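Chemist: Below you will find the structure I want to go over with you.
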Amino acid sequence: MSQTFNKVAVIGAGTMGAGIAGQVANAGVDVWLLDLPSDGDDVNAVAQRGLDRLRDPNAPGLMSKDAEARIHVGNIRDDFEQLKDCDWIAEAVVERLDIKQDLYRRIAALTGDDVIVTSNTSTIPIKLLTEGMPQAFCERFAITHFFNPVRFMRLLELVRGEHTRDDIMATLDTFCEERLGKGVVACEDTPGFLGNRVGVFAIQCALHEAFQLGLTPAEADAIFGRPMGIPKTGVFGLYDLIGIDLMADVAKSLETILPAHDDFHQYAQPLPLMTAMIANGQTGNKGGKGFYRDGDKGREVLDFSSNSYQPLERLQLPLALQAEADGIAVLLQDDSVYGQFAWRVLSSTLNYAAHLLPEVGNDLVPVDDAMKLGYNWIYGPFELMDQIGPDYIIDRMRKEGREPAPFLLQAAGKTFYAIDSGKLASLRYQNGHADIQRTAGVVRFSELRQTLAPMNSNAKASWWVHDNAAIVEFHSKANALDGDSMIILRDAIEQAKNLGLRGVIVHNDSQHFSCGVNLVAFREFFEAGDWQGMDDFLNHFQQTVLAMRNCELPIIAAPVGMSIGGGFEVVLHADKVICHANSVMGLVESGVGVVPGGGGCKETLYRWLEAMGGDMEKAAWKAFMNLGYGRTATSPIEARRQAMLKDSDEYLMNRDRILATALQQLGKVSKAPAREPLAMLGKPAFDAMVAWLAESKAKGMFTDQDCVVGTEMARIVTGGDVAPGTLMSEQDLFDAERDSFLRLAKTAATQERIVSMLDLGAPVRN
């Protein structure tokens, strides 16, 4: 059958159904979003509410207005005939078998044998969903289990039934992987599949062990977070995010469908405190309060002893910080209650994951993929066990009288992953290592780099040679950039030509490409009064990104996640950008009281001048507004509209295809032309911008320091007090950025913003 979908329907406009419809629309396919008819004035009100949720500016489910226009809302009474010519119908209705089967019978009676039908369920086995259904329907039916939010969570668990046709599975796999951008993991029809089976166990285990050891939510979340390679939300924060009542239902559902011998049952029981919280309306973020809440004076946390909310102090556990820096093994070498908590949660969760083989298959890779793609773990369970050492886990568990899983014992004396003949291989159940097979065009640098030796490396960045190209990776915390990062980037640029390489690709496989320049360095500079050191740092950064532009070889930036601040300044100086569809880009320095000092102001002005057809006045005002407001683009489509990306730049729906695409296109990239001097608008435009700032401040739009920062933005994009028509070179604009940056960094208000961002996680408005 055809692997091209032209029309899709999603039935059920709740959070998941709307999210699936949104991602289908993002992929450029028309989609009907149907739900029950409403009794009110708008018969499609239920489906319309689903569409409205996709417009949430804090988590936009749609990439553009064009995508929104591809979604057609309707209801299953008046618009059911729309299903007849669909290529794919995705069901995402309430988790009741009778309701689903009634719907399937209606679909089976209406549609032909080539219309694919899937369910988003993760709790009802496919054999029950299709029980009593015609053979022809069962052959075109599967489970496509997405994760929330659908646009941003990469995992799709694909489950076939006993009778599902091979061509149906292949079509779903291809469309969901290439067009929807998902990491497709084929799962057996087992309870909870893979992601929720391990993920919910880990959450429940962490919850129960935290209560058992008497940890506060802040303490538990400080450990069960980044130190373990898990999102910083932590266990109590995650409960609030998901919803305490919903999470309790998920645990109860898994308890119902898992066999009696499964270890999940020891952590499935609801805790009395949480039962009382649900009854009291303390259901988490959606109810405004859970384990945490926003109080009148800031963030508050629930005190278990008094059952009252107390001010939340920013907790900096030395053990957690050390583990983030030096690795997860640090947690297990600690004898404190925090170390005990880490060991209990990790050993139980990792052993549970090992117990799943061979029930869920003979290969561990799908389990690791599920946790990384569906729960945003940095490392999968088996990767974590390799970091800790399987022998360590086995020995320690046995000393405690606990028997390790058979598959964990199989790894004794070895590791779960190994390099075999230059390729990454994984251990198979009751077998040896076998090469990891990825779909053609899918390359994860986190896997590839394990087979390569770095040409140069330090704690902040490294570069390798692969396919006759230099690949530069930033790998500091949040990939924040500093002098060491720039040293590696500059070295790769210079050595690539000497080695006769094809070019340079700047890429990493982390959650974010780079969250900007390391503010800690600037804090150290201004606290020491080392203004020359700060200027030298900025100049080194500027000359490194300038070397990207001036290098004879083509340079591709291949970012994923956030590329903001200094990270985006690196992207701006590449000859071509090949990014992910969910990339977030922008220059956000105004928020911490400075200007972009690594060529960001310069490039923004040049980009807008090109976008405005050479009209300098329009370009300067556009650049002034973008820089002053610290605007970001939440999709490449929006980035193009804000002159952050060029028409020749590209984006891909699947981030796992970016590196392979960049390598393939490297030889086709043309070098960006040298920047010609600009005729600046000068003092009249500068004065007009300063006057606009004053008027806006009088209206209550800006603070004092906002105006001070905005004035420096205006000075750079107009030339300041120079005469109109004064020519400024690229280096002149670099110099203007550094002058303004240092002028702002010397102010007490900017220093207060930087300190607040570093110590409290958010800048003050002063």
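Chemist: Can you give the charge dipole size of the chain about its Cα centre, rounded to the nearest 20 debye, using +1 on the beta carbon of Lys and Arg and -1 on the beta carbon of Asp and Glu?
Modeler: 600
Chemist: Fewest first, what order do SER590, SER729, SER485 take by the number of other Cβ atoms within 10 Å?
Modeler: Final ranking by Cβ density, sparse to dense: SER729, SER590, SER485.
Chemist: Return an integer: the convex hull volume of the alpha-carbon atoms of the range 195-427, in Å³ per residue.
Modeler: 132
Chemist: Among DSSP bridges having both ends in the chain, what percentage is antiparallel? Round to the nearest 5.
Modeler: Beta bridges within the chain, antiparallel portion: roughly 45 percent.
Chemist: Next question. Distance cut-off 29 Å, Cα to Cα: go down the list LYS286/LYS646; LYS372/LYS460; LYS286/LYS460; LYS477/LYS746; LYS497/LYS576 and report the pairs above it.
Modeler: Over 29 Å Cα-Cα: LYS286/LYS646; LYS286/LYS460.
Chemist: Apply the Karplus parameterisation 6.51 cos²θ - 1.76 cosθ + 1.60, with θ equal to phi minus 60°, to every residue of the range 60-66 and state each ³J(HN,Hα) to the nearest whole Hz, in sequence, with x for glycine and proline.
Modeler: Coupling constants for the range 60-66: x, x, 10, 8, 6, 5, 4 Hz.
Chemist: What residues have an amide H closer than 5 Å to that of GLY243, excluding those fewer than 5 places away on the same chain, when H is modeled at 1.01 Å from N in the peptide plane?
Modeler: For GLY243, whose amide H was placed from the backbone, the distant partners under 5 Å are ASN285.
Chemist: Which whole-Hz ³J(HN,Hα) couplings does the range 579-594 yield from phi under the Karplus relation 6.51 cos²θ - 1.76 cosθ + 1.60, θ = phi - 60°, glycine and proline marked x?
Modeler: 10, 8, 4, 9, 4, 10, 10, x, 10, 10, 4, 4, x, 9, x, 10
Chemist: Once amide H atoms are placed 1.01 Å from N in the peptide plane, what residues at a sequence separation of 5 or more from LYS289, or on another chain, have their amide H within under 5 Å of its amide H?
Modeler: HN-HN under 5 Å from LYS289: THR283, GLY284.
Chemist: Given the DSSP H assignment, sum -39500 (n - 2.57) over each helix run of at least 4 residues in the chain and divide by its residue total; what's the result at 222 nm in deg cm²/dmol, nearest 500?
Modeler: The helix contribution divided over the chain gives -13000 deg cm²/dmol.
Chemist: Using the Kirkwood radius built from alpha carbon pairs, what does the Stokes-Einstein equation give as D for the range 227-287 at 10 °C and 1.306 mPa s, in µm² per second?
Modeler: Translational D for this selection: 126 µm²/s.
Chemist: Which of (i) 31.2, 101; (ii) 29.9, 99; (iii) 27.3, 83 is the computed Rg and Dmax of the Cα atoms in Å for the structure on display?
Modeler: Derived directly from the coordinates: (iii).
Chemist: Which distance in Å, rounded to a whole number, links the C-alpha centroids of the range 531-556 and the range 87-137?
Modeler: For the range 531-556 versus the range 87-137, the Cα centre distance is 57 Å.
Chemist: Among THR144, THR121, rank each residue by its count of other Cβ atoms within 10 Å, from fewest to most, as a rough exposure measure.
Modeler: THR121, THR144
Chemist: Just order 244-253, 399-408 by mean Cβ neighbour count inside 10 Å, highest at the front, would you?
Modeler: For the peptides 244-253, 399-408, the packing ranking is 244-253, 399-408.
Chemist: Any chance you could give the angle, 0 to 90 degrees and rounded to 10, that helix 683-698 forms with the longest Cα principal axis of the chain?
Modeler: Computed tilt is about 50 degrees.
Chemist: Here is a further query. Return one quarter of the surface area of the convex hull spanned by the alpha-carbon atoms of the range 678-760, equal to its mean projected area, in nm².
Modeler: Dividing the Cα hull surface by four gives the mean projection, 6.0 nm².
Chemist: Moving to a separate point now. Along the charge dipole of the chain, Cβ charges K/R +1 and D/E -1, which of ALA459, VAL10, CYS707 sits furthest on the positive end?
Modeler: Going by the charge dipole, the pick is CYS707.
Chemist: Shifting gears a bit: What does the net charge come to around PRO724 if you take all other residues with beta carbon closer than 12 Å to its beta carbon, with K and R at +1 and D and E at -1?
Modeler: -2
Chemist: In whole Hz, what ³J(HN,Hα) sequence does the range 336-345 give by Karplus (6.51, -1.76, 1.60; θ = phi - 60°), x for Gly and Pro?
Modeler: For the range 336-345, the Karplus curve yields 6, 4, 5, x, 4, 4, 4, 5, 4, 5 Hz.
Chemist: Give, rounded to the nearest 20 debye, the magnitude of the charge dipole that the range 7-187 has about its Cα centre when Lys and Arg contribute +1 at Cβ and Asp and Glu contribute -1 at Cβ.
Modeler: 400
Chemist: For a quick check: with amide H placed at 1.01 Å from N, whose amide H comes under 5 Å from VAL73's, ignoring anything fewer than 5 positions away on the same chain?
Modeler: Amide H to amide H, under 5 Å and 5 or more residues apart or across chains, VAL73 pairs with LEU33.
Chemist: Let me ask something else about it. Taking the number of other C-beta atoms within 10 Å as the exposure measure, put HIS72, HIS573 in order starting with the fewest.
Modeler: HIS72, HIS573
Chemist: Further question: May I ask you to compute the full-extension gain from ARG55 to SER38, defined as 0.36 nm times their residue separation minus their alpha-carbon distance, rounded to one decimal in nm?
Modeler: The ARG55-SER38 span can extend by a further 4.0 nm.
Here, each number is a calculation from the coordinates, and none is a lab measurement. This one's a predicted model, so the numbers in the text were calculated from it and none came from an experiment. When we count neighbours, we look across all protein chains shown, and the Cβ atoms used for this are built from the backbone with ideal geometry, even at glycine.
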